[in-house]
1. Restricting attention to region 24-47, does a residue exist that is in contact with a strand residue (DSSP E or B) (Cβ under 7 Å, 6 or more places away or on another chain) and not in a loop (DSSP other than H, G, I, E, B)?
2. When residues of region 52-73 are filtered for being surrounded by 14 or more Cβ atoms within 10 Å (Cβ to Cβ) and assigned to a loop (DSSP other than H, G, I, E, B), how many remain?
3. Suppose we filter region 41-50 for residues that are among the aliphatic types (A, V, I, L, M) and loosely packed, with under 14 Cβ neighbours inside 10 Å; how many remain?
4. Quick check, is L38 loosely packed, with under 10 Cβ neighbours inside 10 Å and either without any contact (Cβ under 8 Å) to a residue 24 or more places away in the chain or not hydroxyl-bearing (S, T, Y) (or both)?
5. For region 5-32, which positions are in contact (Cβ under 8 Å) with a residue 12 or more places away in the chain and closer than 13 Å to L69 by Cα?
6. What number goes with the only condition from (1) modelled with pLDDT of 85 or more; (2) on the phi < 0 side of the Ramachandran plot that N63 does not pass?
Amino acid sequence: LEVKGGGDEPEDVASAFELALKLNFSHHPDSLLCTFLLTDAPCHGRDYHKLSSDDLIDKMPHNYFEKVLEKYK
């Protein structure tokens with residue numbers, strides 16, 4: 001796989017993980033949930049970059065991406 005192009009920095013990574021949590025996957029104790037993130041740019045927000053092209057840089061809550069990932073535990 002190769003991630004490139006688009007010219008749209010940054011990516012809406014947190015929403016992608018939120019949607020992945022809504023997928024119908026097994027909750028059996030012996031099952032394993034494996035999620036792969038392929039992107040060519042960081043997620044929105046000042047915590048993750050200093051890109052001037054981010055329209056949401058000052059609108060994203062502090063550590064919002066980490067809070068989404070906590071839901072995977």
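1. The answer is yes, given that some residue of region 24-47 is in contact with a strand residue (DSSP E or B) (Cβ under 7 Å, 6 or more places away or on another chain) and not in a loop (DSSP other than H, G, I, E, B).
2. The qualifying residues number 3.
3. So in region 41-50, the residues among the aliphatic types (A, V, I, L, M) come out as 41.
Then keep just the ones that are loosely packed, with under 14 Cβ neighbours inside 10 Å; that gives none.
Selection size over region 41-50: 0.
4. When the stated conditions are applied, L38 passes them.
5. Pass one, region 5-32, residues in contact (Cβ under 8 Å) with a residue 12 or more places away in the chain: 5-6, 8-14, 16-18, 20-21.
Once the filter is applied, which keeps residues that are in contact (Cβ under 8 Å) with a residue 12 or more places away in the chain and closer than 13 Å to L69 by Cα, region 5-32 yields V13, A14, A16, F17, E18, A20, L21.
6. (2)
The values are calculated or read from the model by the stated rules, or taken from the named source; none is laboratory data. This is a predicted model, so every value here is computed, not measured. Counting neighbours? That spans all protein chains shown, and the Cβs are built from the backbone with ideal geometry, glycine included.
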